[in-house]
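K.L.:
Before I ask anything, here is the structure I am working with.
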Amino acid sequence: MSRKFAVFDIDGTIFHWQFFHELFDELIDANVVEQSVAQPVLDDRKKWRQGTIDWNTYEQGLVHALNTAIIGIDKSLLENISERIVTTKGKVLYHYTRNLLKKLQDEGYFTIVISGSQQTLVERFAQTYNVDVALGLDYEFKDGKLASIKQEIYGKKDALLKDVVATHDLDWNDSYAVGDSLGDSLMLDLVTHPIAFNPDTKLLALAQEKGWKIVIERKSIAYTLEQNSDGQYVLS
């Protein structure tokens, strides 16, 4: 008999911060990212926190710097750093999504995480929280060194989810998807129970248009907003 499933984004959805941002900082400390490359990103992070540039500008610069600097890194070093990040910082989770993950697992759901962070980080996170399938930004390695990107995530979460569902003969009925950004809408649009969790501006607008559940968590208190019969969002 086919199992029901639930799929979660990680960064900003279960994990309070972004794993690939943590990786960038660790690679600076390991001298994998040169200071001349790192400093503009760190400057933009400060500007974002001060509100003088937007999140996307900062993040795009970080992603470009990280994807360039990581080529040639030893696989063992990447795995060791990923282990350290998840072990030391991976327990800073949102209460709502962590509890929902555990609740659905207890009910027998097959659980999946699909994240734009590196596969080494995503796999380690999945092992920690008993997730069945983990998909992240994956790489080809040659002679023990990172050579190229093997699996992209951005813009492909719907296709990746469909592949997992088909491979594991999962049931779309009563399925869940949880995400925080517009890129997650691709998988939210496929399931029975889409949840926009702490959504960014674009996902919030789409969730309201489609009538998806919206959950906002602040200081460990989660506020659930759902549409009533008049199409208005109310606390539930």
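Coordinate-derived values only; no laboratory data. Predicted, not measured: the structure shown is a model, and the values here were computed from it. Neighbour counts are summed over all protein chains in view; Cβ atoms, including those assigned to glycine, are modelled from backbone coordinates with ideal geometry.
K.L.:
Only one of Leu101, Leu78, Leu121 is touching a residue at least 60 places away in the same chain (Cβ under 8 Å) and either surrounded by fewer than 22 Cβ atoms within 10 Å (Cβ to Cβ) or under 18 Å from Ala6 (Cα atoms) (or both); which?
P.N.:
Leu101
K.L.:
Taking the options Thr13, Thr87, Thr52, name whichever one is among the polar types (S, T, N, Q), assigned to a loop (DSSP other than H, G, I, E, B) and closer than 24 Å to Val178 by Cα.
P.N.:
When all the criteria are applied, what remains is Thr13.
K.L.:
A further question on this structure: I'd like the residue in segment 35-75 that is more than 14 Å from His21 (Cα to Cα) and among the small types (Gly, Ala, Ser) and, out of all such residues, is surrounded by the most Cβ atoms within 10 Å (Cβ to Cβ).
P.N.:
Result: Gly72.
K.L.:
Moving on to the next point. Could you tell me whether any residue of segment 108-127 is closer than 25 Å to Trp172 by Cβ, out of contact with any Lys or Arg (no Cβ under 7 Å at 6 or more places or on another chain) and assigned to a loop (DSSP other than H, G, I, E, B)?
P.N.:
no
K.L.:
Hey, does segment 35-46 have a residue that's part of a helix (DSSP H, G or I), in contact (Cβ under 8 Å) with a residue 40 or more places away in the chain and among the charged types (D, E, K, R)?
P.N.:
no
K.L.:
Still on this structure, please answer the following. Being within 14 Å of Ile85 (Cβ to Cβ) and either of a type in the set (Val, Ile, Thr) or surrounded by 19 or more Cβ atoms within 10 Å (Cβ to Cβ) (or both) is the filter here; which residues of segment 127-142 pass it?
P.N.:
Within segment 127-142, Thr128, Gly136 meet the criteria.
K.L.:
Also, quick follow-up: Test Val32 against the stated conditions and say whether it is surrounded by 15 or more Cβ atoms within 10 Å (Cβ to Cβ) and part of a loop (DSSP other than H, G, I, E, B).
P.N.:
For Val32, the condition - surrounded by 15 or more Cβ atoms within 10 Å (Cβ to Cβ) and part of a loop (DSSP other than H, G, I, E, B) - is met.
K.L.:
Among the helices (runs of 4 or more DSSP H) contained in segment 143-220, which hold 1 or more residues that are loosely packed, with under 15 Cβ neighbours inside 10 Å and of a type in the set (A, V, I, L, M)?
P.N.:
157-167, 201-210
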